[in-house]
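Only one structure is covered here, and it is reproduced in the block below.
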Amino acid sequence: MNKQTTIVTVASYYGSGSSAVTDYVSEFDNVKSLTSYEFRFIQDPDGVAELEYNLVENFNRHNSGHALKRYKKLVDYYGEHLFVKRYEGFFDNKWKKISYEYIENLTDFKYPGLWQYDFYDNGAWYEFWHKLPDRLLHKTVWKNKVDKHFFFDKGITYASHPTEERFLQCTREYTRKLMSAANKENCPIMIVDQLLPSTNIERHMRYFDNIKAFVVERDPRDIFLLAKYVWHDLVIPHDVELFCKWFLYTRSARKTEIWNPEKIMLIQFEDLIYKYDETTAKIREWLGLNEEEHINPYKYLDPNKSINNTRLWEKNSSYIEEATYIKNRLSEYIYEIN
């Protein structure tokens, strides 16, 4: 991948419409887009950020090796399976290969062994069946003898304690290889959805050579109404009072974090609909995109269609009471049409 390639990602708070930015940027000729599939291996539990914490910041003889095992398990989960296709196709069928190399590069040494969390990770029945032969023998022919554990599958124990500098070096090399595998066309801009979280963003940016991030916000009334009545999901509360608490809880970091404006841009979803020309011009300028290269306008982001998913309380009178409650409790996040 060209060293000048800029990785662009979009972060959100769930349901805030971040895919609208991905869709718009994907309409340009010189942009490599990994579609709207979410690539969360950096930020999610057991991901790269947790590796840094357990290997560098809070190293000890148990949790560091366990963290590498957990990351390997996450890598396997995101790999391609018989009926489920996840990351492999996006990374030229090298996702697991490159990820395993990364784990090896972070490993100081390894040896056959196990501890209680190897059983914990595999569940109570796994522990029961693996310990059963030893327990039966110690009740009979090995009675009153020291536990031998002859029947245990020892697995592999990893040992790793890199410095912060080495961890970041290995991780940047890792993400560079992944992005290169995904960007065989060597496009100057590549957009990848959800690489970074919407909180503590700049910490996670350290894992990449050159990355920019959009954080997308949306009127909370529409987030609530869509989640409860259209998507029918359980990610956010369907009780309006709890929703308001959840909304403030998920945005609380914005009160204290200071973002580098050259690296992070806050976008209001509704601005892409009601102020399309003005907002998209701002995006182009920030990313260095030329309007002439916008070869597929409205192919993925059509404000005339997306407008149907805004201001839902105006289209259904039964939503007004909950929308009014949210407006009163979350007034600073309400989007008003000028």
Between helix 276-287 and the chain, what is the angle of the helix's C-alpha long axis to the longest principal axis, kept within 0 to 90° and rounded to the nearest 10?
50
Among 215-226, 62-73, what's the highest-first ranking by average C-beta atoms within 10 angstrom per residue?
215-226, 62-73
Let me know the number of lysine pairs in segment 214-338 closer than 17 Å at the Cα, not counting same-chain pairs under 8 apart.
9
Debye, to nearest 20: dipole size of the chain, +1 on Lys, Arg Cβ, -1 on Asp, Glu Cβ:
1560
The chain: angle of helix 95-106 to the longest principal axis, Cα-based, in degrees nearest 10:
60
Using alpha carbons only, how many degrees (0 to 90, rounded to 10) separate the axis of helix 63-78 from the longest principal axis of the chain?
60
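Net charge near Tyr325, counting Lys/Arg +1 and Asp/Glu -1 over other residues with Cβ under 10 Å of its Cβ?
Details: positive: Arg221, Lys327, Arg329; negative: Glu241, Glu321, Glu322.
Charge balance in the 10 Å sphere: 0.
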Lys pairs in segment 1-115 with Cα under 17 Å (8 or more apart in sequence, or on separate chains) total 16
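Could you check how much of the accessible area of the chain is carbon and sulfur, as a whole percent, using a 1.4 Å probe?
That fraction is 51 percent.
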Quickly estimate the mean residue ellipticity at 222 nm for the chain, helices only: each DSSP H run with n ≥ 4 gives -39500 (n - 2.57), and the total goes over all residues, rounded to 500.
-11500 deg cm²/dmol
I'd like the distance between the alpha-carbon centres of segment 265-293 and segment 1-41, rounded to an integer number of Å.
14
How far is it, in nm, from the label point at Asp302 to the one at Lys73 when both lie 7 Å from their Cα along the line to the Cβ?
4.5
Average accessible area per residue (Å²) across the chain - probe 1.4 Å, nucleic acids and ligands excluded
53
How much length would be gained if the chain were fully extended between Asp239 and Asn63, taking 0.36 nm per residue of separation minus their Cα-Cα distance, in nm to one decimal?
59.6 nm
For Arg40 the rounded accessible area (nearest 10 Å², probe 1.4 Å, non-protein molecules ignored) is 60
Any chance you could tell me what percent of the C-alpha pair distances in the chain go past 36 Å?
33
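For the chain, what is the percent of antiparallel DSSP beta bridges, rounded to the nearest 5? Could the numbers behind the result be given before it?
Details: 4 of 23 bridges.
The antiparallel fraction comes to roughly 15 percent.
Could you tell me which of rounded, prolate or oblate describes segment 194-308, using a ≥ b ≥ c as the square roots of the eigenvalues of the alpha-carbon gyration tensor, with rounded for a/c under 1.5 and, failing that, prolate when a/b is larger than b/c and oblate otherwise? Could the numbers behind the result be given before it?
Details: a/c = 2.28, a/b = 1.20, b/c = 1.89.
Since a/c reaches 1.5 but b/c is at least a/b, the shape of segment 194-308 is classed as oblate.
The values are calculated or read from the model by the stated rules, or taken from the named source; none is laboratory data. Only a predicted model underlies this, so the values are computations on that prediction, with no experimental measurement involved. Cβ sites come from the backbone with ideal geometry, for glycine too, and all protein chains shown count toward neighbours. Heavy atoms of the whole protein, side chains included, go into the accessibility calculation; ligands, DNA and RNA do not. Shrake-Rupley method; radii C 1.70, N 1.55, O 1.52, S 1.80 Å.
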